[in-house]
There are 2 protein chains.
Amino acid sequence: MKSFEEKTLSTEQIFTGKVVSLQVDEVELPNGKTSKREIIKHPGAVAVIALTGDNKIIMVEQYRKALEKNIVEIPAGKLEKGEKPEICAARELEEETGYACSSMEWLMSFYTSPGFADELIHLYIAKGLYKKENPASADEDEFVSLMEITVEEALELMEKQSIHDAKTVLAIQYLQLQEAMVGK
Amino acid sequence: MKSFEEKTLSTEQIFTGKVVSLQVDEVELPNGKTSKREIIKHPGAVAVIALTGDNKIIMVEQYRKALEKNIVEIPAGKLEKGEKPEICAARELEEETGYACSSMEWLMSFYTSPGFADELIHLYIAKGLYKKENPASADEDEFVSLMEITVEEALELMEKQSIHDAKTVLAIQYLQLQEAMVGK
């Protein structure tokens, strides 16, 4: 693997927020020239494919201020400081859906926007769901509504571009591939 | 669809860069309380599944400063001001791989990080590739190396987490589903 490493010459910290921070790095390129890189630092997140007993996927509809609209996503949320992804996955599932699960399996981790951000999402699949009696509630600034839909319904929503969130598309494709492999 | 719209009370512009800008919005929540939202604005991007005559996928390996490492992705790049996605897709394909194509088909568009960014990626599939004699060259601060791999090789790289970029995983699963459907 050829390396095109960019040496950091200086870092300017622009903003440190609750969710993201922003820095601008001056870098030395492989050809010796310099350039600037705008970089968003994010704590990382989890996303959960939560399957009910009748094989429906639990979806969360919520308003996303960055998009100025409601969108439909699988349950997800960012890691708290020092929190292990599998702990975060169970916490977010409970907070957003009210469910706990008997099995939480890691599937893969992926970067969402490597061109400008270091956000890494850890994707899990939760099975054996059961309603918690007194579930932990969501963050106080989080308002969500829930849907339980089949893979076929999810595909229809994808085709209409009503589901158009990368991690959610990726999750639906994963389930569709599982079905295709069982069908073989 | 229930709306949990958050009314913007004020916007503080923190940073305006070459790639991203950052603002903090103060919002009124559905329950009447207020909160702050950190929002990254991005011009949007394209990504291209480029298939060679022998059904290999063209992958681009490049250093991503945000991650401080090299990663393997499908060809992609951000929209220039006023640029149409299909024009951008052809341009990025040529700049990053040296190929033009006889067919460029839109597959879907998806948000990469709706929790904090408005980046929307338009995914295309390019077929009928041919080498351009004098291809437009990449941005002067962009250094990439190319690989041509089969879907099976891509899946192996995914399993080893050597491919771990959301749009690239999504593209590979798309191709795998196409194969599964043909196989039925």
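Within segment B:37-49, restricting attention to residues that are part of a strand (DSSP E or B) and more than 7 Å from chain A (Cβ to nearest Cβ), the residue that is farthest from B:G128 (Cα to Cα) is B:K41. Residues in segment A:24-36 that are assigned to a loop (DSSP other than H, G, I, E, B) and within 8 Å of chain B (Cβ to nearest Cβ): A:L29, A:P30, A:N31, A:K33. Scan segment A:123-145 for residues that are surrounded by fewer than 14 Cβ atoms within 10 Å (Cβ to Cβ) and under 16 Å from A:A171 (Cβ atoms) and the total you get is 0.
For segment A:168-178, the candidate set comprises residues that are at the interface with another protein chain (Cβ under 9 Å from one of its Cβ atoms) and not hydrophobic (A, V, I, L, M, F, W, C); within that set, the residue that is surrounded by the fewest Cβ atoms within 10 Å (Cβ to Cβ) is A:Y174.
The one condition from (1) within 20 Å of the chain's Cα centre (by Cα); (2) more than 30 Å from B:E179 (Cα to Cα); (3) more than 10 Å from every other protein chain (Cβ to nearest Cβ); (4) of a type in the set (V, I, T) that B:T11 does not meet is (1).
Could you say which residue among B:S21, B:S10 is among the hydroxyl-bearing types (S, T, Y), surrounded by 13 or more Cβ atoms within 10 Å (Cβ to Cβ) and without any contact (Cβ under 8 Å) to a residue 24 or more places away in the chain? Matching residue, one of B:S21, B:S10: B:S21.
Within segment A:138-148, the only residue that satisfies the criterion of being assigned to a strand (DSSP E or B) and more than 11 Å from chain B (Cβ to nearest Cβ) is A:E148. Taking the criterion of being surrounded by 18 or more Cβ atoms within 10 Å (Cβ to Cβ) and facing chain B (nearest Cβ under 8 Å), the residues of segment A:153-167 that qualify are A:M158, A:H164, A:D165, A:A166, A:K167.
Return the total of residues in segment A:106-132 being out of contact with any Phe, Trp or Tyr (no Cβ under 6 Å at 6 or more places or on another chain), away from chain B (no Cβ under 14 Å) and under 19 Å from B:Q161 (Cβ atoms). Residues that pass the stated criteria total 1.
Considering segment A:26-45, the residues that are among the β-branched types (V, I, T) and touching a Lys or Arg at 6+ places or on another chain (Cβ under 8 Å) include one that is surrounded by the most Cβ atoms within 10 Å (Cβ to Cβ), namely A:I39. I need the full set of residues from segment A:51-66 which are within 14 Å of another protein chain (Cβ to nearest Cβ) and assigned to a strand (DSSP E or B), in order please. Of everything in segment A:51-66, those that are within 14 Å of another protein chain (Cβ to nearest Cβ) and assigned to a strand (DSSP E or B) turn out to be A:M59, A:V60, A:E61, A:Q62, A:Y63, A:R64. For beta carbons closer than 8 Å, sequence separation of 6+ or different chains, a first residue in segment A:79-93 that is polar (S, T, N, Q) and a second that is modelled with pLDDT of 95 or more, there are no qualifying pairs. For segment A:149-184, the set of residues classified as assigned to a helix (DSSP H, G or I) and basic (K, R) consists of A:K167 only. Restricting B:T112, B:T150, B:T97 to residues that are surrounded by 21 or more Cβ atoms within 10 Å (Cβ to Cβ) and under 27 Å from A:Q176 (Cβ atoms) narrows the list to B:T112.
Taking (1) in contact with a Gly (Cβ under 9 Å, 6 or more places away or on another chain); (2) at pLDDT 95 or above; (3) more than 12 Å from chain B (Cβ to nearest Cβ) in turn, A:P135 satisfies each apart from (2).
The values are calculated or read from the model by the stated rules, or taken from the named source; none is laboratory data. No experiment lies behind these values; they were computed from the predicted model shown. Virtual Cβ from ideal backbone geometry, glycine too; neighbours counted across all protein chains shown.
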